[in-house]
Amino acid sequence: MSDGKIKRAWQFLRRPSAKYGLLTLLVLGFVGGILFWGAFNTGMEATNTLAFCTGCHEMRDTVYVEYQETIHFKNRTGVRAICSDCHVPKDWTHKMARKIQASGEVWGKLIGTIDTPEKFEAKRMELATHEWARMSATGSRECRNCHNFDAMSSEKQKQSIYKKHMGAQQEGKTCIDCHKGIAHHLPKEYRDPDE
């Protein structure tokens, strides 16, 4: 497109409308913005569901099976943490940054980086290391949506566990520093050789 055509197109867009009033254009823009935002937000939330996360066999046949064995899936209180509770921030800014990062993970799906259980196991340590680093960098923000040092009861926890939690808080540790493998199997490179 030549500079002349671009200039004419820009002038056309900047020219006031002879057909529609400014108020009409503002109302249409406002309504259009609301509809766009609603559709965008609905799409973002649809990608945070358990069904979406386990829709591909790479997740359904590996980490989802492991997660079903944990207290985060089934417990005495019936409270369930799903994939997005641990892997997607709640606030909008951090959520968008994580979604952009996750779009790079879609590329791995398309090229078949982890499309078999064997390939997944071969990359488990790398995948886990990335996730642990992300969680560590955010102070285990997603864990703290449900777990909070200040809300821990010394009467309801075993004293040895409570003391460890309070010690971790004083040392500035966060959940992921001690709780790797809480919802998924640890990579074989990380496990105790006696296991």
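The values are calculated or read from the model by the stated rules, or taken from the named source; none is laboratory data. Computed from a predicted model, the values in this text were never measured in an experiment. Note that we place each Cβ from the backbone using ideal geometry, even for glycine, and neighbour counts take in every protein chain shown.
Filtered by the rule that a residue be touching a Cys at 6+ places or on another chain (Cβ under 8 Å) and not polar (S, T, N, Q), the range 126-170 gives Met135, Glu142, Cys143, Arg144, His147, Lys164, Ala168. Please go through the range 64-108 and give me each residue that is over 17 Å from Glu131 (Cα atoms) and of a type in the set (D, E, K, R), ordered by number. Scanning the range 64-108 gives Glu69, Lys74, Arg76, Arg80, Asp91.
In the range 136-181, of all residues being surrounded by 15 or more Cβ atoms within 10 Å (Cβ to Cβ) and among the β-branched types (Val, Ile, Thr), the one that is nearest to His72 (Cα to Cα) corresponds to Ile176. Being surrounded by 11 or more Cβ atoms within 10 Å (Cβ to Cβ) and within 24 Å of Glu118 (Cβ to Cβ): is that true of Val88 here? Criteria not met by Val88. Out of all the residues in the range 20-39, is one or more at pLDDT below 90 and either under 25 Å from the mean Cα position of the chain (by Cα) or in a loop (DSSP other than H, G, I, E, B) (or both)? Scanning the range 20-39 turns up at least one residue that is at pLDDT below 90 and either under 25 Å from the mean Cα position of the chain (by Cα) or in a loop (DSSP other than H, G, I, E, B) (or both). For the range 67-97, which residues satisfy the criterion of being under 22 Å from Lys180 (Cβ atoms) and in a helix (DSSP H, G or I)? Across the range 67-97, the qualifying residues are Tyr67, Cys83, Ser84, Asp85, Cys86, His87, His94.
Every test in (1) over 18 Å from the mean Cα position of the chain (by Cα); (2) in contact (Cβ under 8 Å) with a residue 60 or more places away in the chain is passed by Arg76 save one, and that test is (2). Only residues that are surrounded by 12 or more Cβ atoms within 10 Å (Cβ to Cβ) and either modelled with pLDDT under 85 or not hydroxyl-bearing (Ser, Thr, Tyr) (or both) were counted in the range 105-125, giving 13. Please determine, by comparing only the residues of the range 111-128 that are free of Cβ contacts under 8 Å to residues at least 12 places away in the same chain and in a helix (DSSP H, G or I), which one is farthest from the chain's Cα centre (by Cα). So, considering only residues that are free of Cβ contacts under 8 Å to residues at least 12 places away in the same chain and in a helix (DSSP H, G or I), the one farthest from the chain's Cα centre (by Cα) is Glu118. Looking across the range 40-75 at every residue that is touching a Phe, Trp or Tyr at 6+ places or on another chain (Cβ under 7 Å) and under 29 Å from Ile111 (Cβ atoms), the one that is modelled with the lowest pLDDT is identified as Glu58. Looking only at the range 136-179, residues that are part of a loop (DSSP other than H, G, I, E, B), out of contact with any helix residue (DSSP H, G or I) (no Cβ under 6 Å at 6 or more places or on another chain) and touching a residue at least 40 places away in the same chain (Cβ under 8 Å) come to 3 in all.
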